[in-house]
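Structure record follows, encoded as structure tokens.
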Ligand code: C2E
Ligand code: CA
Ligand code: CA
């Protein structure tokens, strides 16, 4: 991946910048010092050249003096001068000039008036002005530079003595191109002579022309690496000349070679810098690579960590110590995270108290098991009465019991989890050739062994519900739901174990729907629910002084629903409390309404064990009685034998209180429960209702007759009245009458009917009872 801001790029960039800076500084300082050095050399050269130039001039001057002395010392010449023989003088001058290669040879008289000139200058018409000559004559024996008609001459004036001064001889050499070049070669610099107007009179610099000014030469430039630069380094010098006609010389060192040298050196240096730069770049890339490759590895590792892979890190071969340290820290971190993750995973899958799998982890395992062919059982177990164990032993021992149960479960091969406070789920494999139900029973038998907690041996009773894979479901959710449905079944049946049967779930859903609809019916109270009443014939008085209140429900869209069904569901769902409250109010109001019609009749109300244990039961009943100004004696509370026996101690105290208040207590469905006669003796009851299963076929069943007769006798002995319900024929009536029954109830007397039918029915049956 190319990262614009990557470390590698940054390192490379930084290195390149540093090296570039370094090179630039070196290059510039080299250029500066080299230039200084060269300039110094140039300066030295100039000084040297100046010296050479001076020496040359000196030599030239000496030569001039010698030439002039030779001339002025020549006797013939002196004679000619003395005779003022112009032609002789002129020819002598010319001869002499030719001999010494002088370009100018003049003769003046003692007053400086030109007497004769050599032939060449005469031909050139070189006529010096008088003041000019006068000035020359004032410094005899000294060399001068003068400009004559635009040409430069080095001249000397010497007096001609015979023995006193009779004239002056002037000897001069033309300083022209050849001499200038000679001088230039001798001094090693370019030589340019200029006059007062700074016009060049002669110059070795090419190309030159006579109109060239000194300033032009000084301003001359040459192209360079970084633009134009001066072509020469100049040094000017005043030459001995006449006042008012100064002559100067410019010694110019050409800088071309110097610059070429400098440029070459700079180029070499620049190439070297480039080389260093490239080397540096390579080194920085290598360095960056050494740093970034391990970093990239670490990035990749961090990504692996994020995905939960904590594989060992392989270190980049050339990693340095810091990187190695970082790698080792990273590696340690990976291991730590891995360990912690494992720990967290373990914790997330376990129940903190028992160490068994929790529900979520278990569901996951079951889901995996369903992907395999192997059949298994899913058993949901529940500790019966764990609430009591917990409250009697205390929460700490309660917890220890659960741990002991967990250990017990784990002793049985399979997978076990804690699904709720006192609920466990187990996955038990069914080996080929074995029966799932048998394994489940074996399992229950194994866990049913007493467990010891704090020196106590506890007999823990389990209820279980089981289902099988694949017969009862092919996924974890269905299987878990169905094993719970089976457990619910076990609970409702009061059994120890139930196996899921096909259709159970649908039935359960239907039951749930019924409960919901019933709840709605109670909330709305829109006439779906009503009370029917079945007469109870008082055999001693010979008339009906009581009715049993029986609830009816016409469920919209479903018709009449059997009270056996919905009462049972209401009891299981806890809805029975609300339902009983509704019944209490409805029946009390009805008694009141009947009383207003002049019918004074008692009513029996069916209540369940949950009702009397509920705190609101008695207040609601009392409130209903108070509202309709009824006495408690109007009401008989029917409780089944099974309900009474489920919590005997509690029942006795509650019933005693109810009885004391004045309610009549009746034991419903007597004979089918397991109550012993001894227990019955202790119960504060007023009435025994022999279950209709003994009465329905009483006339034809001698056994039933024996049971019924003995029950009547027993009841009477205990001081309670005995009721027979389910009387369907006259024969049974007769038998019961003979047996001394106190009340009769059954279809033979009447089926249950709506409240409004009581009055006409009573009228038909025997007239309205006047008894309360
Ligand atoms: P139960 O308390 O034993 O009520 C007597 C049942 O026997 C009534 O059925 C009644 O109609 C029926 N029965 C009466 N005489 C005869 C007869 O000669 N032959 C036959 N075959 N049956 C007779 P029902 O009304 O269907 O009630 C069934 C059960 O529903 C009741 O049994 C009672 O346990 C419960 N139940 C009814 N109404 C209420 C109520 O308001 N509250 C509570 N908690 N339970 C109620
Ligand atoms: Ca009843
Ligand atoms: Ca009954």
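The values are calculated or read from the model by the stated rules, or taken from the named source; none is laboratory data. Because the structure is predicted, anything quoted here is derived from the model rather than measured. Glycine also receives a Cβ, built like all others from the backbone with ideal geometry; neighbour counts cover every protein chain displayed.
In the set 624, 651, which member is assigned to a helix (DSSP H, G or I), farther than 23 Å from residue 736 by Cα, more than 16 Å from ligand 2 (Cβ to nearest atom) and modelled with pLDDT of 90 or more? Step through it out loud before you land on a result.
Details: 651 fails: modelled with pLDDT of 90 or more.
Selected residue: 624, the only one of 624, 651 that is assigned to a helix (DSSP H, G or I), farther than 23 Å from residue 736 by Cα, more than 16 Å from ligand 2 (Cβ to nearest atom) and modelled with pLDDT of 90 or more.
Considering each of 625, 644, 621, 637 in turn, give the residue that is within 14 Å of ligand 1 (Cβ to nearest atom), closer than 30 Å to residue 763 by Cβ and surrounded by 21 or more Cβ atoms within 10 Å (Cβ to Cβ).
637
Across segment 388-438, what is the number of residues that are in contact (Cβ under 8 Å) with a residue 60 or more places away in the chain and over 43 Å from the mean Cα position of the chain (by Cα)?
Qualifying residue count, segment 388-438: 4.
Here is a yes/no grid of residues against (1) free of Cβ contacts under 8 Å to residues at least 24 places away in the same chain; (2) out of contact with any helix residue (DSSP H, G or I) (no Cβ under 7 Å at 6 or more places or on another chain); (3) not in a helix (DSSP H, G or I):
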site: 487; (1), (2), (3): no, yes, no
site: 514; (1), (2), (3): no, no, no
site: 518; (1), (2), (3): no, no, no
site: 523; (1), (2), (3): yes, yes, no
site: 540; (1), (2), (3): no, yes, yes
site: 580; (1), (2), (3): no, no, no
site: 583; (1), (2), (3): no, yes, no
site: 593; (1), (2), (3): no, yes, no
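Going by what's in this entry, would residue 550 be described as in contact (Cβ under 8 Å) with a residue 60 or more places away in the chain, within 16 Å of ligand 2 (Cβ to nearest atom), closer than 16 Å to residue 608 by Cβ and more than 60 Å from the chain's Cα centre (by Cα)?
Details: in contact (Cβ under 8 Å) with a residue 60 or more places away in the chain: yes; within 16 Å of ligand 2 (Cβ to nearest atom): yes; closer than 16 Å to residue 608 by Cβ: yes; more than 60 Å from the chain's Cα centre (by Cα): yes.
Here the answer is yes, as residue 550 does meet what is asked.
Answer yes or no as to whether residue 672 is within 16 Å of residue 607 (Cα to Cα) and either modelled with pLDDT under 90 or more than 13 Å from ligand 3 (Cβ to nearest atom) (or both). It would help to see each step written out before you state the result.
Details: within 16 Å of residue 607 (Cα to Cα): no; either modelled with pLDDT under 90 or more than 13 Å from ligand 3 (Cβ to nearest atom) (or both): yes.
Answer is no for this residue.
Looking only at residues that are surrounded by fewer than 19 Cβ atoms within 10 Å (Cβ to Cβ) and in contact with a helix residue (DSSP H, G or I) (Cβ under 7 Å, 6 or more places away or on another chain) in segment 655-665, which one is farthest from residue 720 (Cα to Cα)?
In this case the residue turns out to be 661.
What are the residues in segment 554-581 that are more than 12 Å from residue 515 (Cβ to Cβ) and more than 9 Å from ligand 1 (Cβ to nearest atom), if any? Write out each step before concluding.
Taking segment 554-581 as the starting set, the residues that turn out to be more than 12 Å from residue 515 (Cβ to Cβ) are 554, 556-560, 562-564, 577, 580-581.
The answer is 554, 556, 557, 558, 559, 560, 577, 581.
Filter segment 227-250 down to the residues that are assigned to a loop (DSSP other than H, G, I, E, B) and either over 60 Å from the mean Cα position of the chain (by Cα) or crowded, with 18+ Cβ neighbours inside 10 Å (or both) and list them by number. Spell out the reasoning first.
Filtering segment 227-250 down to residues assigned to a loop (DSSP other than H, G, I, E, B) leaves 227-228, 231, 240, 242-246.
Once the filter is applied, which keeps residues that are assigned to a loop (DSSP other than H, G, I, E, B) and either over 60 Å from the mean Cα position of the chain (by Cα) or crowded, with 18+ Cβ neighbours inside 10 Å (or both), segment 227-250 yields 228, 231, 240, 242, 243, 244, 245, 246.
Residues of segment 635-668 being more than 15 Å from ligand 3 (Cβ to nearest atom) and touching a residue at least 60 places away in the same chain (Cβ under 8 Å), which ones?
Within segment 635-668, the subset more than 15 Å from ligand 3 (Cβ to nearest atom) is 635, 645-664.
Selection gives 664 alone.
Looking only at strands (runs of 3 or more DSSP E) that fall completely inside segment 678-772, which ones have 3 or more residues that are crowded, with 19+ Cβ neighbours inside 10 Å and without any contact (Cβ under 8 Å) to a residue 40 or more places away in the chain? Spell out the reasoning first.
Values: elements: 687-690, 721-725, 743-745.
Because the criterion is at least 3 residues that are crowded, with 19+ Cβ neighbours inside 10 Å and without any contact (Cβ under 8 Å) to a residue 40 or more places away in the chain, the strands (runs of 3 or more DSSP E) in segment 678-772 that meet it are 721-725.
Of these, 652, 695, 672, which one is closer than 21 Å to residue 608 by Cα, within 16 Å of ligand 1 (Cβ to nearest atom) and more than 60 Å from the chain's Cα centre (by Cα)?
So the residue among 652, 695, 672 that is closer than 21 Å to residue 608 by Cα, within 16 Å of ligand 1 (Cβ to nearest atom) and more than 60 Å from the chain's Cα centre (by Cα) is 672.
For segment 600-608, state whether one or more residues are more than 60 Å from the chain's Cα centre (by Cα), more than 16 Å from ligand 3 (Cβ to nearest atom) and not in a strand (DSSP E or B).
Initial filter on segment 600-608 (more than 60 Å from the chain's Cα centre (by Cα)): 600-607.
With the extra rule that they be more than 16 Å from ligand 3 (Cβ to nearest atom), the set shrinks to 600-602.
Right, trim to not in a strand (DSSP E or B) and you get 600-601.
Scanning segment 600-608, I find at least one residue that is more than 60 Å from the chain's Cα centre (by Cα), more than 16 Å from ligand 3 (Cβ to nearest atom) and not in a strand (DSSP E or B), so the answer is yes.
For segment 560-576, state whether one or more residues are within 20 Å of residue 754 (Cβ to Cβ), part of a helix (DSSP H, G or I), within 16 Å of ligand 3 (Cβ to nearest atom) and in contact with a strand residue (DSSP E or B) (Cβ under 9 Å, 6 or more places away or on another chain).
Of all residues in segment 560-576, those within 20 Å of residue 754 (Cβ to Cβ) come to 560-564, 566-567.
If we keep only those that are part of a helix (DSSP H, G or I) as well, we get 563-564, 566-567.
Add one more test, that the residue is within 16 Å of ligand 3 (Cβ to nearest atom), and what stays is 563-564, 567.
Checking which are in contact with a strand residue (DSSP E or B) (Cβ under 9 Å, 6 or more places away or on another chain) leaves us with 563, 567.
The answer is yes, given that some residue of segment 560-576 is within 20 Å of residue 754 (Cβ to Cβ), part of a helix (DSSP H, G or I), within 16 Å of ligand 3 (Cβ to nearest atom) and in contact with a strand residue (DSSP E or B) (Cβ under 9 Å, 6 or more places away or on another chain).
Keeping to segment 721-733, report how many residues are within 16 Å of ligand 2 (Cβ to nearest atom) and farther than 14 Å from residue 539 by Cα. Please lay out each step first, then the result.
Kept after step one, since they are within 16 Å of ligand 2 (Cβ to nearest atom), are these residues of segment 721-733: 721-727.
Next, only the ones that are farther than 14 Å from residue 539 by Cα stay: 726.
Of the residues in that region, 1 qualify.
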